[in-house]
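Everything below concerns the one structure shown next.
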Amino acid sequence: MTQLLAIIDFGTQYAQLIARRARELNVYSEVFPYTVSAAELAKKNPIGIIFSGGPASVYWDSAPDVDPEMFDLGVPVLGICYGMQLACRILGGSVDQVNGREFGRANLTITKPDALFEGLPRSQVVWMSHSDAVASVSGDFETLAGTESCPHAAVRHTSKPFYGVQFHPEVTHTECGTKILRNFLVEVCEAKSDWKMASVVEESVASIRSQVGDRRVLCGLSGGVDSAVVAALVHRAIGDQLTCVFVDTGLLRHGERELVDTEFRDHFGLDLRVADAEDRFLACLAGVVDPEKKRKLIGHEFIEVFKEAAEKIEDVSILAQGTLYPDVIESISPTGGPSQTIKSHHNVGGLPEELGFELLEPLRMLFKDEVRRMAVELGFPDEMTWRHPFPGPGLGVRILGDVTKEKCDVLRAADRIVLEEVKKAGWYRKMWQAFAVLLPVQTVGVMGDCRTYESVVALRFVSSQDGMTADWVYPERDLLATISNRVINEVKGVNRVALDISTKPPSTIEWE
Ligand code: XMP
């Protein structure tokens, strides 16, 4: 049986990060809202619990609280930042405002050896981010480590299995953070660290079989790795009870349709239906400039085409989707309330339930990097496994202004050159995404003594862990020079190439 680490989310931006760190240490983890009761959690039989940090102060009336019986489940609890303060308050410590807030690096000195710090140097850099801290602890606690401004930076309870740390072991800036989490999991919780992708695939296949029985399943393929893994996994489980639909929107990258065809029809032997819908998409986008309107129109048209394709397939009652764990965590956000819509996302994994199907979501407990590991496990070729993410609305949101077939062809040609050269230079795997954007401006140029007045292509190269934040990447000058040269020479209608050097936030990765 899979061992589970439970993470209680008090509204931190790091809950997912803690979950990932545990999984990187081969311990399966799930995030729960702080409202979960100890009894509910006990049913899941966790081997340990981590209380996350959070933006609140334990003194606020509205401060997130936790079921105190968590400490009586007989499993170790590690409180981080707010999680530590809350636990110490419940177990008899006092929390106070720190003299001045403490954000960023601090030097931690271990004052009492403990399993939590096994194998670590006595002094090390940790990352702090707090306004409150534990000011004093009762005799039931031992202080294990401190920093200059935070004397109780790590504590443990003497009779209950509780540890607390004021710093953040989950962030990479905490030098020995991973080791501390490993010590908590392996030394304190006695985790077996045996959560491996091969067994995840086996378990998924078994659970798909039991959900589906002898019914038929439909899966939308986008060409991206998530829907591809769903299709391959479901196919492994139920074979020809699965039918896949790929919608050719005309807003795809160069070679996308052919790749899906070769991989899925030829390699995996799937029943794949392709819906030709380029004309429909271009017709509905004609003259539309507003990015949100474009996204909504594309999403809507996609569902219509998909529905029509699905109606032609007999007896299908289940829809397989590539929902990932971050979407699931977001939907149980402990802070509640919808966040502001920056962009209306559309993807194959987001087909609405109103289509009248039962849903099958085999990736709903996985992160993107885990999906890629699963792709490797399923025998995907590298080209498919490591494909950069591509937005559901495709080139439609990379052509700024109105979308036409001519512009799609121009951008497709430029994007193809970008990807070819990035791969050739060995940069593809070092980037989260690399792509071209077609701008709605024309600039003056000179070619062979003649004046030109043509379009501008912008290059976007970013690094990211999950697409939530991103930094721009500056690849070597030679690569930029080759891309610029080739795009201007080979793509008719483009006479200028620009480089986007914006981070997310405040910009976003896609331009629309
Ligand atoms: P932004 O532009 O919001 O993008 O910084 C973050 C990540 O999401 C991808 N993206 C999408 N993916 N459907 C998707 O499946 C969409 O509608 C969509 N819009 C953006 C984007 O490529 C980046 O990786």
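The values are calculated or read from the model by the stated rules, or taken from the named source; none is laboratory data. From a predicted model like this one, the values you see are computed outputs, not experimental measurements. Because the Cβ atoms are built from the backbone with ideal geometry, glycine has one as well, and the counts that use them run over all protein chains shown.
Yes or no, residue by residue, for (1) surrounded by 15 or more Cβ atoms within 10 Å (Cβ to Cβ); (2) in contact with a strand residue (DSSP E or B) (Cβ under 9 Å, 6 or more places away or on another chain); (3) not charged (D, E, K, R):
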position: Tyr34; (1), (2), (3): yes, yes, yes
position: Ala42; (1), (2), (3): yes, no, yes
position: Trp60; (1), (2), (3): no, no, yes
position: Pro76; (1), (2), (3): yes, yes, yes
position: Leu108; (1), (2), (3): yes, yes, yes
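Only one of the numbered conditions (1) within 13 Å of the ligand (Cβ to nearest atom); (2) free of Cβ contacts under 8 Å to residues at least 40 places away in the same chain is violated by Gly392, and that is (2). Return the residues of the range 422-435 that are of a type in the set (Gly, Ala, Ser) and within 16 Å of the ligand (Cβ to nearest atom); say none if nothing qualifies. Of everything in the range 422-435, just one residue is of a type in the set (Gly, Ala, Ser) and within 16 Å of the ligand (Cβ to nearest atom), namely Ala434.
For the range 3-22, filtering for residues that are in contact with a Ser or Thr (Cβ under 7 Å, 6 or more places away or on another chain) and either assigned to a helix (DSSP H, G or I) or polar (S, T, N, Q) (or both) leaves 6.
In the set Leu411, Leu459, Leu438, Leu419, only one residue is modelled with pLDDT of 95 or more, touching a Ser or Thr at 6+ places or on another chain (Cβ under 7 Å) and within 16 Å of the ligand (Cβ to nearest atom); that residue is Leu438. Residue check: Gly119 meets all listed conditions (1) at negative phi; (2) modelled with pLDDT of 95 or more but one, namely (1). Run Glu358 past the list (1) within 16 Å of the ligand (Cβ to nearest atom); (2) assigned by TED's automatic domain parsing to the domain that holds Arg209; (3) loosely packed, with under 15 Cβ neighbours inside 10 Å and report the number of the one that doesn't hold. In the conditions (1) within 16 Å of the ligand (Cβ to nearest atom); (2) assigned by TED's automatic domain parsing to the domain that holds Arg209; (3) loosely packed, with under 15 Cβ neighbours inside 10 Å, Glu358 misses (1) alone.
What pairs come out if I take residues in the range 403-427 that are farther than 22 Å from Ser464 by Cβ and pair them with residues that are among the hydroxyl-bearing types (Ser, Thr, Tyr) and part of a helix (DSSP H, G or I) whose C-beta lies under 9 Å away, six or more apart or interchain? Cβ pairs passing all conditions: Ile417/Thr482; Lys424/Thr482. Of the strands (runs of 3 or more DSSP E) entirely within the range 125-176, those holding at least 2 residues that are more than 33 Å from the chain's Cα centre (by Cα) and more than 25 Å from Ser29 (Cβ to Cβ) occupy 141-146. Of the numbered criteria (1) closer than 27 Å to Met1 by Cβ; (2) of a type outside the set (Gly, Ala, Ser); (3) not assigned by TED's automatic domain parsing to the domain that holds Phe51, the one Ile180 fails is (3).
In the range 1-27, how many residues are more than 18 Å from His168 (Cα to Cα) and surrounded by fewer than 18 Cβ atoms within 10 Å (Cβ to Cβ)? Outline the logic, then answer.
So the first thing to find is which residues in the range 1-27 are more than 18 Å from His168 (Cα to Cα), and the list is 1-4, 26-27.
Next, from what is left, pick out any that are surrounded by fewer than 18 Cβ atoms within 10 Å (Cβ to Cβ): 1-2, 26.
Qualifying residue count, the range 1-27: 3.
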